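Okay, structure first, notes after.
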Amino acid sequence: MQKTKKSIDTFLLTTASILLVLLTLATLWQVFTRFVIGNPSVVTEEIARFTLIWIALLGAAYGFGSDEHLSLDFIREKFQGKAYLRIRAAIDAVVLLFALFVLVIGGGILVSVTWSEVSPIMGLSMGAVYSIVPICGVFIIIYQVMNVLMRNSVKGEEQT
């Protein structure tokens, strides 16, 4: 399981890093053409917007994988033992349901509805741009299941 997690981590980080470089270059080119040349590039605005969407969602998926996403620390501090485990299980269930229904299913609907729409400047299918939503939903589900399994295996080892 650790090997699978490491592979997904590497894929997400590499993809997000490449997109971050692309975002930076597009933004620098936009500034250069606007203020130095005096004729701003029109395509860089769409490149920046689309890459930012992808970077944000890839980063969110990676955050779930590393279990470093926004958490409610006061729950950990306030509850102990079985109460904490029950609350943690409920949180895990809510995350899984959100990822499944909102990101995967809702994102799939978003992709299918927007597939025929094209971006005005680059002519890209907006469905292709938004395809990252269900893709990251699947990654979040995989990560969340792995996190639960790893947490339970550690808990099982502590009890023996």
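The values are calculated or read from the model by the stated rules, or taken from the named source; none is laboratory data. Worth saying up front: this structure is predicted, and the values here are computed from it rather than measured. No Cβ is skipped: glycine too gets one built from the backbone with ideal geometry, and neighbour counts run over all protein chains shown.
Couple of notes before you dig in:
- Any hit, region 71-87, residues being over 24 Å from LYS6 (Cβ atoms), polar (S, T, N, Q) and at pLDDT below 95: yes
- Annotation note: of ALA89, ALA26, ALA56, the sole residue that is under 23 Å from GLY127 (Cα atoms) and either surrounded by fewer than 15 Cβ atoms within 10 Å (Cβ to Cβ) or among the hydroxyl-bearing types (Ser, Thr, Tyr) (or both) is ALA56.
- Cβ-Cβ under 9 Å pairs, at least 6 apart or on other chains, region 15-28 side at pLDDT 95 or above, far side among the small types (Gly, Ala, Ser): ALA16/GLY59; LEU22/ALA48; LEU23/ALA48; ALA26/SER41; ALA26/ALA48; THR27/ALA48
- Residues that are touching a helix residue (DSSP H, G or I) at 6+ places or on another chain (Cβ under 8 Å) and among the small types (Gly, Ala, Ser) within region 46-67 comprise ALA48, GLY59, ALA60, ALA61, GLY65, SER66, listed in sequence order.
- The C-beta contact set for region 137-156 (first residue more than 15 Å from LEU85 (Cβ to Cβ) and surrounded by 17 or more Cβ atoms within 10 Å (Cβ to Cβ), second residue modelled with pLDDT of 95 or more and charged (D, E, K, R), distance under 6 angstrom, 6+ apart or interchain) is empty.
- In region 92-136, the residues that are among the aromatic types (Phe, Trp, Tyr) and surrounded by fewer than 17 Cβ atoms within 10 Å (Cβ to Cβ): PHE98, PHE101, TRP115
- Selected residue (criterion: nearest to LYS6 (Cα to Cα)) from residues of region 111-134 that are of a type in the set (A, V, I, L, M) and free of Cβ contacts under 8 Å to residues at least 24 places away in the same chain: ALA128
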